[in-house]
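Q: Dropping the structure in here first, questions after.
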Amino acid sequence: MSTVRRVRRRATGALLLVPPVGAAVVGPFVTEARIPSDGMPYALGDGHPLGTDALGRDVLTLVLRGGASALGVACAAVALAVAVGGVLGLAAAVSRSRWLDDLLMRPVELLLPLPSLLVISVVGVGWRGHPVAVALAVAALNVPAVARLLRAAALDAAGGPVAEAMRLQGESWARVLFGHVGRAVLPVAAADAGTRVGTAVFTVAAANFLGLGLDPTSPDWGVVIAASREALFVQPWAVLAPTLLLVMFTVGANLLADGLLADANTTGGGGKRAGRRAKPTGDDARAAGKSAEEAVGKRAGKKKAGARAGEKGTTRQGTETEAATWNR
């Protein structure tokens, strides 16, 4: 992909994100927490620019108020999934023992075949209608895929000469994990997170649409779409307004994620390319080799010093024994 096309895709994605993100961020500050329902159901006009819903509430107020939950829950779920899955995947890649790799990855992979709406409904039993339950369920669904992706992307970097030199210098396991391997797979993680945000938004909206998520009176965009779908031809804005914002956010997030992934591929990131990006060339390789040689040289020097000390001790002991024999 050319540079001009990447810039255009990024600009288009950023422009598409402005309306939904602006509504989610600014909306709660310009609207009341308790939305009055003093209008006629599915009415157009009468001081309501986008009409009213089935309960007589202003649709514009619902759209401004509901973005925080619709986007906030999805973004929080993806952030949690990337944090947990990233640590598991990187730790499995850095570990040199097969049993630790299996211990970290096999339990996580048990969640892969589970249906998303089934997990949301099960997790939401205890916290019915609470956004935390939906966020935890969506995060649990994304952790296995994130862990597997980042583990595959980090394998070459974890076994490269830079990581080996850091180990020989006595660097801590955490520094190798986050200081080198984590930085090598950062473009891949960012691109994957951008793609998952759009999917998570639709998953949360689908759960709310089916009644598995938030309360039916919530101003969340998915809940509003579910409550007003029967009156689509009577009052279309009650359905079209939140739907358009969801589509704009999803498409914009995917365009930005594609731009990040294209940059990662150009610089050597992305899947196996992330490992090639982590492999140093030129000065980096020479510096890593020099550091490794110095570390090995120090260890060899210590061994030689110990051997010489042992030889001196043996010679001195032999001399003392010989002197004692002559004295006798």
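The values are calculated or read from the model by the stated rules, or taken from the named source; none is laboratory data. Computed from a predicted model, the values in this text were never measured in an experiment. As a convention, Cβ positions derive from the backbone with ideal geometry for all residues, glycine included, and neighbour counts pool all protein chains shown.
Q: Quick check on segment 20-56: of everything there that is closer than 28 Å to ALA253 by Cβ and out of contact with any helix residue (DSSP H, G or I) (no Cβ under 6 Å at 6 or more places or on another chain), which residue is surrounded by the most Cβ atoms within 10 Å (Cβ to Cβ)?
A: So, considering only residues that are closer than 28 Å to ALA253 by Cβ and out of contact with any helix residue (DSSP H, G or I) (no Cβ under 6 Å at 6 or more places or on another chain), the one surrounded by the most Cβ atoms within 10 Å (Cβ to Cβ) is VAL21.
Q: Identify all residues within segment 198-212 that are crowded, with 24+ Cβ neighbours inside 10 Å and among the β-branched types (Val, Ile, Thr); write none if there are none.
A: Across segment 198-212, the qualifying residues are VAL201, THR203, VAL204.
Q: Related question: In the same structural domain as MET248 (by TED's automatic domain parsing), modelled with pLDDT of 90 or more and either within 24 Å of the chain's Cα centre (by Cα) or surrounded by 12 or more Cβ atoms within 10 Å (Cβ to Cβ) (or both), is that true of VAL7?
A: Judged against the criteria, VAL7 is not a match.
Q: So which residues in segment 213-224 are surrounded by fewer than 21 Cβ atoms within 10 Å (Cβ to Cβ) and either of a type in the set (A, V, I, L, M, F, W, C) or in contact (Cβ under 8 Å) with a residue 12 or more places away in the chain (or both)?
A: Selection gives ASP215, THR217, SER218.
Q: Kindly provide the set of residues from segment 88-103 that are farther than 17 Å from ALA163 by Cβ and touching a residue at least 24 places away in the same chain (Cβ under 8 Å), ordered by number.
A: Passing the criteria: only LEU88.
Q: Can you find, within segment 231-252, the residue that is surrounded by the most Cβ atoms within 10 Å (Cβ to Cβ) among those that are more than 13 Å from GLY66 (Cβ to Cβ) and in contact (Cβ under 8 Å) with a residue 40 or more places away in the chain?
A: GLY252
Q: Now for a different question. Could you identify the single residue in GLY56, GLY27, GLY51 that is at pLDDT 85 or above, under 29 Å from the mean Cα position of the chain (by Cα) and of a type outside the set (Ser, Thr, Tyr)?
A: The unique qualifying residue is GLY27.
Q: In segment 167-217, what residues are in a helix (DSSP H, G or I), at pLDDT below 80 and more than 19 Å from LEU150 (Cβ to Cβ)?
A: ARG167, ASN208, PHE209 - these are the residues of segment 167-217 that are in a helix (DSSP H, G or I), at pLDDT below 80 and more than 19 Å from LEU150 (Cβ to Cβ).
Q: Continuing with this model, one more query. List the pairs whose first member sits in segment 33-57 and is within 14 Å of ALA227 (Cα to Cα) and in a loop (DSSP other than H, G, I, E, B), whose second member is at pLDDT below 80 and charged (D, E, K, R), and whose Cβ atoms are under 9 Å apart, counting only residues at least 6 apart or on separate chains?
A: Listed by first residue and then by second, the contacts come to GLY56/ASP38; ARG57/ASP38.
Q: Moving on to the next point. Could you say which residue among LEU118, LEU71, LEU114 is in contact (Cβ under 8 Å) with a residue 12 or more places away in the chain, over 25 Å from VAL181 (Cβ atoms) and surrounded by fewer than 20 Cβ atoms within 10 Å (Cβ to Cβ)?
A: On inspection, the qualifying residue turns out to be LEU114.
Q: Now a separate question. Would you check if ALA70 is closer than 22 Å to ALA191 by Cα and touching a Phe, Trp or Tyr at 6+ places or on another chain (Cβ under 9 Å)?
A: yes
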